[in-house]
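The values are calculated or read from the model by the stated rules, or taken from the named source; none is laboratory data. Just so you know, these numbers come straight off a predicted model, no measurement behind them. Neighbour counts are summed over all protein chains in view; Cβ atoms, including those assigned to glycine, are modelled from backbone coordinates with ideal geometry.
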Amino acid sequence: MTQVFIFNEEGRVQVRDEAEKPERIVAAINQGRWEDYIGYEPKPTQAWQALQLGSLVLVINPLPPPKCDQLKLIPQDYQVLQALCSGLTMAQAAHQLHVDTRTIRNRVARLRRTFKSHTNLELIAQVVALGIVMPNLDKLGD
């Protein structure tokens, strides 16, 4: 049994017990598939990010670092960046986020212009370096 702590914007914490392993929960949430753990909204208003601490999972709504406020990122931007950072293709990200692949391509193109990135890999490196999204580093030791 895995305990999942969901921290919302109002400062409330919801604690859920899930039968899945923490690694699977973290991977699913960070890839934009949080419906099973948090609930699904047809038009997501938040981008959720999960962190694993031993056998616990913390779920938060990521906020941009103070120096990145001028970027004006919306929740869907975080979702796309999280999906790309977790290794999903644009088609897989579109499927997970319930949107058309063209929508993902357009959003990535806009994000690349925003961050002045020439490639998707450069975009991912920049957003990780800025702390906007966090990659799942648990698999590096495998």
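Since residue 13 meets every condition but one in (1) β-branched (Val, Ile, Thr); (2) surrounded by 15 or more Cβ atoms within 10 Å (Cβ to Cβ); (3) modelled with pLDDT under 85, which condition does it not meet?
(2)
Residues in the stretch 80-89: is at least one assigned to a helix (DSSP H, G or I) and at pLDDT 90 or above?
For the stretch 80-89, residues assigned to a helix (DSSP H, G or I) and at pLDDT 90 or above: present.
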